[in-house]
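> I am attaching a structure below and will ask some questions about it afterwards.
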Amino acid sequence: MQRYSFFNLLRHAATGHRSWQPAWRDRPLRQIYDVIIIGAGGHGLAAAYYLARHHGISNVAVLDMGWLGGGNIARNTVTIRSNYMRDESIPFFVKSVSLYERLTRELNFNLMFSQRGMIDVIMTPGVLRQIRRRMLAMHLYGSVYEPMSVAELRRRVPALTGGGPGSRLPIMAAMLHPTAAVCRHDAVAWGYARAADDLGVEIHQNTEVKALLRGPGGAIAGVETSRGTVSARKVIVAVSGHTSTLTETVGLRLPLQTYNLTAFVSEPVKPVVDVVVNCPDLGVYVSQSDKGELVIGGALDVGQSFRQDIKQGVFENTVAALLELFPSFRRLKLLRQWGGALDFAHDATPIVSKVDIPGLYVSAGWWGGFKAVPAGGMTLAWLAANDAPHPLIEGFGLGRFRHLDYVIETGTTSSR
Amino acid sequence: MLILSCPFCGERDESEFVCAGPARAPRMTLAAATDDAWVDYLTAPPNPKGVVRERWWHSHGCGEWLIVERDTLTHAIHATRGARHEHD
Ligand SMILES: Cc1cc2nc3c(=O)[nH]c(=O)nc-3n(C[C@H](O)[C@H](O)[C@H](O)COP(=O)(O)OP(=O)(O)OC[C@H]3O[C@@H](n4cnc5c(N)ncnc54)[C@H](O)[C@@H]3O)c2cc1C
Ligand SMILES: [Zn+2]
């Protein structure tokens, strides 16, 4: 792999940047692999990388129906945080944030990781209670939430002039999550893809998996793709909102529903908000990208949906909520809107699990799963390599549904 | 924005309604159900790229509960009827 460094940049400048290698190779699709990973999103690519790096399994094909990094990994609002509620979740997300802190160096790919912190703006006693409770749970696992006064909030985010004493819902408190971060989402996909390719993993784009295939004994045997049959004794499903569509091809029904989550960005402006601002009461959050665009997200659309655009009503509600906090954003032009199809487990906790079909592994229910990519990929690789869950994902198994022992995660639903 | 056609009030804007999620299949008799079938019934409603059956409440209208058939890919609405009349 050609390393990216200041020295190499200078060296290639001397030859007009004509001798850079592609970041990953296009290779012919073979008929058999040790492991097939379906989905070249964050979780699939990270799992491929860790299979090769930690477990020495590199005879791996990652198959995607579209192009690499064209799914939700490229559609999210890049909030990375560990302010979750449950014992099963917090240590996992703390680990994921700490892996992100080192990832630019590990992958030799600039993720533009910016640990700028997130501030929750609180307007009702119910949310205050819920967030204070989460704070206490987080502190047990080394994740930090710090109460912040309204005066301090106004000082830290001067553009936040709404929610004053005369408004319908005056701001009553704030909470700072100092380790929250943002980073460049495409770079996460590209960085993992490049590093996995370097370790021998093959990435095949435009290769749709039509069905999973079982062998005579009932175990997984491979997949039927738009380019023919490919065999493997281990298959990982990491297709985000499309999980149940795929598993139902072998009769496997899962407690997942697919919903539409959306975002939009403004025209680029000078730096104006240097933290992530999240308001659970109004259902809006915003951060500013390195390009200067305000990246704005809101509540999910109601009802199951596989659409990838924004519904006008959701759009208007989110804009109204944003302007309640930041009245001066009224004049900003909005440039782009989009949506993603995300699956949501029955109890709002992800599913990273073996299933009843030997050799098949599922990683799904990643509602706010961008932050989870490093730890999710690492533990998914462990699961497939050892056929047993990594300690960090023991709470994410399918067995919990069998016992109606849900892990109801409020940290998933009140922000992304 | 969806336009839902309430059988009692006529065509109304989605913002008058509350979506209450998938309309479940009729409750199975516990004695007849296996553990797996019961868990499936409780936790895994159909998730098709196609038509789902949902319950919607006309909360800012006539107050009736409706059963709506809606396509998850196009959001087209195929049928709306009063939930009380569902099993007639
Ligand atoms: C608007 C929005 C905002 C979000 N904001 C945040 C946030 O701030 N923080 C956060 O942590 N998370 C956020 N998320 C969630 C996050 O993006 C997802 O949880 C995460 O990207 C899902 O995992 P993935 O990257 O592996 O999925 P994807 O990138 O969607 O990868 C799945 C891949 O599978 C492929 N695929 C599907 N079916 C098939 C098939 N049959 N055959 C072959 N390939 C197939 C798809 O083409 C796709 O490339 C947000 C999501 C959205 C939509
Ligand atoms: Zn009505």
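The values are calculated or read from the model by the stated rules, or taken from the named source; none is laboratory data. Remember, it's a predicted structure, so these values are computed and weren't measured experimentally. Methodologically, a virtual Cβ is constructed for each residue, glycine included, from the backbone with ideal geometry; neighbour enumeration extends over all protein chains shown. For accessibility, only protein heavy atoms count, side chains too; no ligands or nucleic acids. Shrake-Rupley method; radii C 1.70, N 1.55, O 1.52, S 1.80 Å.
> Of the cross-linked pairs A:Lys311/B:Lys49; A:Lys291/A:Lys311; A:Lys270/A:Lys333; A:Lys95/B:Lys49, which ones have a Cα-Cα span greater than 23 Å in the structure shown? Mind dumping the intermediate values first?
Values: A:Lys311/B:Lys49 18 Å; A:Lys291/A:Lys311 26 Å; A:Lys270/A:Lys333 14 Å; A:Lys95/B:Lys49 35 Å.
Pairs exceeding 23 Å: A:Lys291/A:Lys311; A:Lys95/B:Lys49.
> Note the full-extension length gain between A:Ser328 and A:Glu394 as 0.36 nm times their separation in residues minus their Cα-Cα distance, in nm to one decimal.
Values: separation 66, 0.36 × 66 = 23.76 nm, distance 4.64 nm.
This chain segment gains 19.1 nm when fully extended.
> Explain nothing, just the number: dipole magnitude of chain A about its Cα centre with +1 on each Lys and Arg Cβ and -1 on each Asp and Glu Cβ, in debye rounded to the nearest 20.
720 debye
> Turning to a different aspect of this structure: Quick one: what does P(r) look like for the protein assembly as shown with 10 Å bins over all Cα pairs, in whole %?
Bin by bin from 0 Å, the calculated values are 4, 18, 28, 27, 17, 6, 1, 0.
> Total accessible area buried between chains A and B, 1.4 Å probe, in Å² to the nearest 100? Before the final figure, lay out the partial values.
Details: alone 17880 and 5990 Å², together 21760 Å².
Approximately 2100 Å², summed over both chains.
> Can you give me the distance in nm between label points at B:Ala25 and A:Met112, each placed 7 Å from the Cα along the Cα-to-Cβ direction?
4.9 nm
> How well do other chains shield peptide A:384-393, expressed as the mean number of their Cβ atoms within 10 Å of each residue Cβ? Could the numbers behind the result be given before it?
Working: counts 0, 0, 0, 0, 0, 0, 0, 0, 0, 0.
Whole-number average of other-chain Cβ neighbours for A:384-393 is 0.
> Right, here's the next one. So what's the angle, to the nearest 10 degrees on a 0 to 90 scale, between helix A:185-198 and the longest Cα principal axis of chain A?
20 degrees
> Under a crude label model (7 Å from the Cα following the beta-carbon direction), how far is B:Ala83 from A:Arg155 in nanometres?
5.1 nm
> Determine the dipole magnitude for segment A:145-299: charges of +1 sit on the beta-carbon of Lys and Arg, -1 on that of Asp and Glu, nothing else is charged, the reference point is the Cα centre, and the result goes in debye to the nearest 20. Each step should come with its number before you reach the end.
Values: 14 positive and 14 negative charges, 51 e Å.
With only Lys, Arg, Asp and Glu charged at Cβ, the dipole is about 240 debye.
> Here's another thing I want to ask about it. Can you pull the percent of segment B:3-85's accessible area that's carbon plus sulfur, 1.4 Å probe, other chains left in place? Write down the numbers at each step before the final one.
On the way: 2440 of 4480 Å².
That share works out to 54 percent.
> Just tell me which lysines come within less than 19 Å, Cα to Cα, of A:Lys354; anything on the same chain fewer than 8 places away is out.
Output for A:Lys354: A:Lys234.
> What value, in deg cm²/dmol to 500, does the helix sum -39500 (n - 2.57) over DSSP H runs of n ≥ 4 give at 222 nm once divided by the residues of chain A? Display every interim value, and only then the final one.
Details: 11 runs with 119 residues, N = 416.
Calculated from helices alone, the mean residue ellipticity at 222 nm is -8500 deg cm²/dmol.
> Another one. At a probe size of 1.4 Å, how large is the accessible area of A:Glu146, to the nearest 10 Å²?
80 Å²
> Using the alpha-carbon atoms, what tilt in degrees (0 to 90, nearest 10) does helix A:373-386 show relative to the longest principal axis of chain A?
Long axis of A:373-386 versus the principal axis of chain A: about 30 degrees.
> I would also like to ask the following. A:Met1 to A:Trp67: extension gain in nm, 0.36 nm per residue of separation minus the Cα-Cα distance? Please report the intermediate quantities before stating the final value.
Working: separation 66, 0.36 × 66 = 23.76 nm, distance 2.14 nm.
Once the chain is fully extended between A:Met1 and A:Trp67, it gains 21.6 nm.
> With a cut-off of 8 Å between alpha carbons and a minimum separation of six or more residues, what is the relative contact order of chain B in percent?
Working: 141 pairs, mean separation 24.8, N = 88.
Value for chain B: 28 percent.
> Other chains near B:37-50: what is the mean number of their Cβ atoms within 10 Å of each residue's Cβ? Don't skip to the end; give the middle numbers.
Numbers: counts 0, 1, 7, 4, 0, 4, 13, 9, 6, 5, 17, 6, 9, 1.
So the per-residue partner count for this stretch is 6.
> Mind pulling the angle between the C-alpha long axis of helix A:42-55 and the longest principal axis of chain A? Nearest 10 degrees, somewhere in 0 to 90.
50 degrees
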